Protein chains: 2
Amino acid sequence: MSDSSPGVVDLLGVLAYAELTAFLRLAEDATRHAPSLTDRAALGDLAATEYAHFRLLRDRIASLEVDPEQAMAPFVGPLDDWHAQTAPGDWLEALVKAYVGTGIALDFYREAAAGVDTATRELVEEVLADEGRSQFAVERVSAAIEADPTQSGRLALWARRLVGEALSQGQHVAAARPELAKLLIEAAGEDIARMFARLTEAHGKRMAALGLTPGP
Amino acid sequence: MSDSSPGVVDLLGVLAYAELTAFLRLAEDATRHAPSLTDRAALGDLAATEYAHFRLLRDRIASLEVDPEQAMAPFVGPLDDWHAQTAPGDWLEALVKAYVGTGIALDFYREAAAGVDTATRELVEEVLADEGRSQFAVERVSAAIEADPTQSGRLALWARRLVGEALSQGQHVAAARPELAKLLIEAAGEDIARMFARLTEAHGKRMAALGLTPGP
């Protein structure tokens, strides 16, 4: 039996729109920035996976007898704003965004899912599974930095901007959707500091994997 | 046993790149022009299907021990040019492009596949299957024209431009890839006029389904 409380519907709604828009933006980045057809197809591969995830989430929302469009609607503004403010200027920025920017967002969703019903949590875990996203971005970005170490400064700055914009939009979402914010706070229990430490540590690991310092 | 003659590799290569780029462009059109999340998801659905087709074609090319990137390379220029010259200005133009513009291109590929080995032809038929593309575009465009009949003039002009640009790029492709052109000519046999009549008739049917006159 799936839970259809407002917090759970919000979690499924924000994730569904995040996957739909990630799919469309990755496809756009692939068209604009991929330096070769192989790279374009590889980013297209990630994009198509996001779309499959969107479909799973949309179907789950519909099975709760909620209109998927309504469930996603509150999150269109903040997520579109995030993408508008973090449109990559080139291929390496697109890869860093796909790995670091999306990574921290997904960690938040995963934390929020810790306390929900088993059926929802299993679905969230399934759509948040990494599936090669890391390996592809890590290989390309770390090779590029090794070949030209001067890239690392601007990419580290870019990653910090991605995270800053994500936290800023996250605050808008939390203020507008208290039931969703409550999921995150309840999942953290009394130990919200430890949750932030986990998120920061995971972010630091992703930056290190790319060969970047998490800074500031 | 699959045929790996230059004409067949060209046919698989042009189709693979056509599907990859259709996927990416449809996703871009969905982001830019869809008037609702439902429409955005519906065009996203078409885009994801194109991607699945791309993957089938790429795997077939690789199984012939040809590098997919090399097989696609000759067609990147003409297909990118076609998309650049036919970037939709709004949602209805995007739908007409997805149905009419892609429709005539796919008819050409289908004709070219008539004379190839069974394994290739079956794969081509599979990736050219319509799968709801028509129904979605036809419903939306014909409803929009019924609601506002003044749209039909500009959309009919737009469709003619799509076909004109497709034929122009098709000529470049045929000139540059004689083995591919040979497939089409051999498939038509002595009756190239009848092949063109078939293509024109299919185009006219698509225009009529949208509520547009094929003219002039």
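The values are calculated or read from the model by the stated rules, or taken from the named source; none is laboratory data. Keep in mind it's a predicted model, so treat the numbers as computed, not measured. Quick reminder, even Gly has a Cβ in these numbers, built from the backbone with ideal geometry, and neighbours come from all protein chains shown. The area values use the complete protein model at the heavy-atom level, side chains included, leaving out ligands, DNA and RNA. Shrake-Rupley method; radii C 1.70, N 1.55, O 1.52, S 1.80 Å.
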Summarise the accessible area of the protein assembly as shown (1.4 Å probe, protein heavy atoms) by the percent that is carbon and sulfur. 55 percent
Other copies of residue A:139: label-to-label distances in nm, shortest first, labels 7 Å along the beta-carbon direction: 4.1
Range of Cα positions in chain B per principal axis (Å), largest first: 52, 37, 27
What net charge do the residues around residue A:62 carry, taking every other residue with its C-beta under 14 Å from that of residue A:62, with Lys and Arg at +1 and Asp and Glu at -1? -1
In the full protein assembly as shown, how much of residue B:45 is accessible to a 1.4 Å probe, in Å² to the nearest 10? 50 Å²
Give the relative contact order (percent, whole number) for region A:126-216; include only Cα pairs under 8 Å separated by 6+ residues. 43 percent
Magnitude of the Cβ-charge dipole of the protein assembly as shown, K/R +1 and D/E -1, about the Cα centre, nearest 20 debye? 840 debye
Which residue in B is nearest the B/A rotation axis when you measure from the C-beta atom, and what is the distance in Å? B:27, 2
Whole-Å distance linking the alpha carbon centroid of region B:7-29 with that of region B:146-198 is 17 Å
Taking the label point 7 Å from Cα in the Cβ direction, how far apart in nm is residue B:5 from each other copy of itself, listed shortest first? 6.7
Determine the relative contact order of chain B: mean sequence separation of Cα pairs under 8 Å and six or more apart, normalised by residue count, in whole percent. 27 percent
Selection from A:88, A:74, A:99, by position along the positive dipole direction of region A:1-134 (Cβ): A:88
Shortest first and in nm with one decimal, please list how far the residue A:179 label point sits from its counterparts in the other copies (point 7 Å along Cα→Cβ). 6.0
Run the 1.4 Å probe and let me know the accessible area of residue B:67, rounded to the nearest 10 Å². 70 Å²
Based only on Cα atoms, what Rg/Rh ratio does region A:107-207 have, Rh being taken as Kirkwood's radius? 1.04
Helix A:192-210 axis, angle to chain A major axis (alpha carbon atoms, nearest 10°): 30 degrees
Add +1 for every Lys or Arg and -1 for every Asp or Glu among the other residues with Cβ under 14 Å from the Cβ of residue B:97, and state the total. +2
Label zone at residue A:84 (point 7 Å along Cα-to-Cβ), backbone N below 19 Å, region A:19-43: A:19-26, A:28-29
Residue A:174/residue B:36 FRET efficiency (R0 30 Å; Cβ-Cβ; nearest 0.05): 0.70
Is there a quick way to get the dipole size of region B:80-123? I mean about its Cα centre, with the Cβ of Lys and Arg at +1 and of Asp and Glu at -1; what is the value in debye to the nearest 20? 120 debye
Which value at 222 nm does chain A reach when only helices count, each DSSP H run of 4 or more adding -39,500 (n - 2.57), with the total divided by all residues and rounded to the nearest 500 deg cm²/dmol? -27000 deg cm²/dmol
Under a Cβ-Cβ cut-off of 10 Å, what is the net charge of the residues other than residue B:115 that fall near it, where Lys and Arg count +1 and Asp and Glu count -1? -1
Subtracting the Cα-Cα distance from 0.36 nm times the residue separation, let me have the gained length for residue A:70 to residue A:114 in nm, one decimal. 13.4 nm
Using a cut-off of under 17 Å, list every residue of region B:2-37 whose amide N is near the label point 7 Å from the Cα of residue A:56 along the Cα-to-beta-carbon line. none
Projected onto the charge dipole of chain B (unit charges on the beta-carbon of Lys, Arg, Asp and Glu, signs +1, +1, -1, -1), the Cα from B:23, B:137, B:118 with the largest positive-side position is that of B:137
